[in-house]
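The values are calculated or read from the model by the stated rules, or taken from the named source; none is laboratory data. In this text the structure is predicted, and so the values were computed from the model without any measurement. Backbone-built Cβ (ideal geometry, glycine too); neighbour counts: all protein chains shown. For accessibility, only protein heavy atoms count, side chains too; no ligands or nucleic acids. Shrake-Rupley method; radii C 1.70, N 1.55, O 1.52, S 1.80 Å.
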Amino acid sequence: CKEKIMIDYFEQLSQEEQEDITEVIQILYRQTFLLERKYDKKSGRMQYVREYRICSKHMEFLRAYYKVAGITLKENAHMGLIYIQGEALWGEKLPRLATIYLLVLKLIYDEQMAAVSSSSHIVTTLGAVNGKAGDFRVLHGLPSPTEMRRTIALLKKYQIIEPLDVLEELNEHTRLIIYPCIHAVLMGDDIKELLETFGEEENIGDEAAIQSTLEDMPE
């Protein structure tokens, strides 16, 4: 049976490889995505991610493992992205500003990717994000620096963005890398329509009205 094959495969690995697989499983449960490359502040450039390589190496085993739990493990080699998807996974309910930023970042990502298709990540600025949100009239004035820092930290946690500048010195010129995870985090294609809906709503509380979910991506 498949379960026995999985157990045999795992037991034949070295202790170090077993620990690596356990670590990757825990990371995917915790953050949903694995990126092939992430920005490294020390070197100032994109670096390959060790856990992505481990996942790719043991992909067949990990797919079988997650399948038992009703979860699908997917890989988009072109985007350099591995992620899990399934009804057993519950998305975090995002604060209103984080949801707005998420939608705006998707718009910016798509627009820039259409112009520069040679890269899987895009660089923008906080000023551009707030400006785009202002165009859709979904922000009631500029958010406070504290609220913006909290929002950026949350989106960084889920590998949606990576701030290139110090958050304590937050301003309109603060640069943000948008990772390809943005492609897999929203259900539905009409982001502009969603933003317009936000602009029409008058009584949205501090807790988000939209919960981020995964959508199918081309393999």
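Where the accessible area of the range 38-168 is counted over protein heavy atoms with a 1.4 Å probe, how much of it, in %, is carbon and sulfur?
53 percent
With r as the distance between the Cβ atoms of Gln31 and Val123 and R0 = 25 Å, compute the FRET efficiency 1/(1 + (r/R0)^6) and round to 0.05.
For R0 = 25 Å, the calculated efficiency reads 0.70.
Apply the Karplus curve 6.51 cos²θ - 1.76 cosθ + 1.60, θ = phi - 60°, to the phi angles in the range 163-169 and return the couplings in whole Hz, x for Gly and Pro.
Karplus-based 3J(HN,Hα) across the range 163-169 equals x, 8, 10, 5, 5, 5, 10 Hz.
Convex hull volume of the Cα atoms in the range 1-152, per residue, in Å³? Working shown, then result.
Numbers: hull volume 22.5 nm³, N = 152.
So the per-residue Cα hull volume is 148 Å³.
If amide H atoms are built 1.01 Å from N in the plane of the peptide, which residues on other chains or at least 5 residues away come under 5 Å of the amide H of Thr174?
Leu126, Gly127
Can you give the Rg to Rh ratio for the range 1-90, taking only C-alpha atoms and Rh from Kirkwood?
Working: Rg = 14.0 Å, Rh = 13.9 Å.
In the range 1-90, Rg relative to Rh is 1.00.
Tell me the trypsin sites (Lys or Arg not before Pro) within the range 127-184 that lie in a loop according to DSSP and have at most 14 other beta-carbon atoms within 10 Å.
Details: sites: Lys132, Arg137, Arg149, Arg150, Lys156, Lys157, Arg175; in loops: Arg137.
Passing sites in the range 127-184 are Arg137.
Given the convex hull of the Cα atoms of the range 23-74, what is a quarter of its surface area in nm²?
Taking the Cα atoms of the range 23-74, their convex hull projects to 3.8 nm² on average.
Using only the alpha carbons of the range 72-175, determine the length spanned along each of the three principal axes and report them from longest to shortest in whole angstroms.
40, 34, 28
Expected output is a single nm value to one decimal: the length gained when fully extending between Lys42 and Tyr9, i.e. 0.36 nm times separation in residues minus the C-alpha distance. What is it? Let's see the in-between values first.
Numbers: separation 33, 0.36 × 33 = 11.88 nm, distance 3.73 nm.
Taking 0.36 nm per residue and subtracting the Cα distance, the gain is 8.2 nm.
How about the range 31-93: which chymotrypsin sites (Phe, Trp or Tyr not before Pro) there are in a DSSP loop, with at most 11 other Cβ atoms within 10 Å of their Cβ?
Trp90
Excluding same-chain residues fewer than 8 positions from Lys157, which lysines have a Cα within less than 23 Å of its Cα?
Cα-Cα hits under 23 Å: Lys38, Lys41, Lys42, Lys74, Lys93, Lys106, Lys132.
Once R0 is set to 25 Å, what does the formula 1/(1 + (r/R0)^6) return for the Cβ-Cβ distance between Glu23 and Asp110, expressed as a FRET efficiency to the nearest 0.05?
My answer for the efficiency is 0.15.
Once you have the Cα-Cα distance between Ser56 and Val68, take 0.36 nm times their residue separation minus that, and quote the gain in nm to one decimal. Before the final figure, lay out each step's value.
Working: separation 12, 0.36 × 12 = 4.32 nm, distance 1.89 nm.
Extra length from Ser56 to Val68 when fully extended: 2.4 nm.
Give the distance, in whole Å, between the Cα centre of the range 1-69 and the Cα centre of the range 119-187.
Answer, in whole Å: 28.
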